[in-house]
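Data first, discussion second: the structure below is written as structure tokens.
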Amino acid sequence: MATNTSSLKKKSEQVLDGSDIMELVENQEVFTSFVDHKFKELDKDSDGHLSVKELQPAVADIGAALGLPAQGSSPDSDHIYSEVLNEFTQGKQEKVSKTEFKEVLSDILLGMAAGLKRDPIVILRIDGEDLSEFINGPSYEAEMLSVFSQIVSDDAVLPMRDCIVKALEKLTVDQGMPPSSDSWVTSNIIEPALQLWDGNDQEKLVSQETFLEEFKKVAERVAQNLKEQPVIVAHSENTFDGSGIKRLLSNKFELDKLLNTALENVPKDRNGKVSKEYLRVVLDVVAPSASLPPIGAVEQIDKVVADAFDMINAEDGKAVKEDEFKKLLTEILGSVMLQLEGNPISISSNSVVHEPLASSSSLLQPSS
């Protein structure tokens, strides 16, 4: 997987690439001291072990560091929280020792660091400067006319206000616009700009010329609002090109080890056969090692995977021997790799950071 954040260099405030986490975990002395502090902070009854209740703040911090919403707000993220807790308790222990806490925390942090190294996150401070530069720059007219033609396709006649709102939705961080899908951005940045503009020429017929003119007025007010209330955005760009799958398939030892581990937790019938319905489950376990997103995370990748499943008739629910199951999964990975090599899929994501960066998770904050 390739990652490209070079076009955002001038806007970036901070690049999260996992190096700070690696530095912490790999320095035994510092990491031991870090774990000692965290353990003492969590061990409220000072019995030298952490109960499930005492582990909860650590689990919540790991979730925040992974960018998950708070516990209780989504069944999907709640499942991840329970998985993190199970990592600590191994699903059966009532209490966790400091040694166990340290081992699991190390594994989780190294996994997070590997993910950030593969897909760095650029933290951007959007303060209106880039948006002003765009609307007053040489590419403004051509780019916005292209946006306008997308909005008014199929001869749909939209009021000017709707055209402007839709155009703002199509601007990205490259033009200095935070995601307008964020409710805070809509109510604090976009709506006030539209209210100031409302009533001024919004009954005008929508033509290319009037659109460029009126959009610029609103965008200038949006830029002013951003100057007064800058927005922090976490930006990542990922290209799925099959290279991660190629690396995995070329290392037969690693692939076998990975598949054997994944198959340990999959139910088998009395003859030791595995139902094909578990192919997706095992593929999801293998995904991080193949530089693939989890199933359901990226729609375009899901389609490529579905095509690969169709090609080998993987959805018929039949039970097969373990070796046949591994062979099928290897064929699926090979098919996905070939499709991505021929047509790489690039995904860009932007999310508004609503809490101060330093306090969004206390996981890596030293104890006081």
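Observations
- Among residues of segment 310-326, those that are surrounded by fewer than 19 Cβ atoms within 10 Å (Cβ to Cβ) and either hydrophobic (A, V, I, L, M, F, W, C) or under 30 Å from Met112 (Cα atoms) (or both), counted: 4
- Positions within segment 264-276 being surrounded by 14 or more Cβ atoms within 10 Å (Cβ to Cβ) and under 28 Å from the mean Cα position of the chain (by Cα), in sequence order: Val266
- Scanning segment 283-303 for residues that are part of a loop (DSSP other than H, G, I, E, B), surrounded by 18 or more Cβ atoms within 10 Å (Cβ to Cβ) and touching a helix residue (DSSP H, G or I) at 6+ places or on another chain (Cβ under 9 Å) yields Ser291, Leu292, Pro293.
- Filtered residue count, segment 136-160, keeping only those that are assigned to a helix (DSSP H, G or I), surrounded by fewer than 10 Cβ atoms within 10 Å (Cβ to Cβ) and at pLDDT 85 or above: 1
- Annotation: of all residues in segment 64-112 being acidic (Asp, Glu) and either open to solvent by 60 Å² or more (accessible area, probe 1.4 Å) or at pLDDT 75 or above (or both), the one that is farthest from Met22 (Cα to Cα) is Glu94.
- Checklist (1) in a strand (DSSP E or B); (2) modelled with pLDDT of 85 or more applied to Glu13, failing item: (2)
- Qualifying residue in segment 182-201 (condition: farther than 27 Å from Pro120 by Cβ, part of a loop (DSSP other than H, G, I, E, B) and charged (D, E, K, R)): yes
- Set side by side, the residues Leu24, Leu42 differ, and just one is farther than 26 Å from Gly115 by Cα, under 29 Å from the mean Cα position of the chain (by Cα) and either aliphatic (A, V, I, L, M) or open to solvent by less than 30 Å² (accessible area, probe 1.4 Å) (or both), which is Leu42.
Here's the yes/no breakdown for (1) surrounded by 18 or more Cβ atoms within 10 Å (Cβ to Cβ); (2) at pLDDT 90 or above; (3) of a type in the set (Val, Ile, Thr):
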{"site": "Asp162", "(1), (2), (3)": "no, no, no"}
{"site": "Ala167", "(1), (2), (3)": "yes, yes, no"}
{"site": "Ser183", "(1), (2), (3)": "no, no, no"}
{"site": "Glu191", "(1), (2), (3)": "no, yes, no"}
{"site": "Leu205", "(1), (2), (3)": "no, no, no"}
{"site": "Glu213", "(1), (2), (3)": "no, yes, no"}
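- Identity of the residue in segment 232-263, at pLDDT 90 or above and not in a helix (DSSP H, G or I), that ends up surrounded by the fewest Cβ atoms within 10 Å (Cβ to Cβ): Asn251
The values are calculated or read from the model by the stated rules, or taken from the named source; none is laboratory data. Source: prediction; values computed, not measured. When we count neighbours, we look across all protein chains shown, and the Cβ atoms used for this are built from the backbone with ideal geometry, even at glycine. Side chains are part of the model used for accessible areas, which takes the heavy atoms of the whole protein and leaves out ligands, DNA and RNA. Shrake-Rupley method; radii C 1.70, N 1.55, O 1.52, S 1.80 Å.
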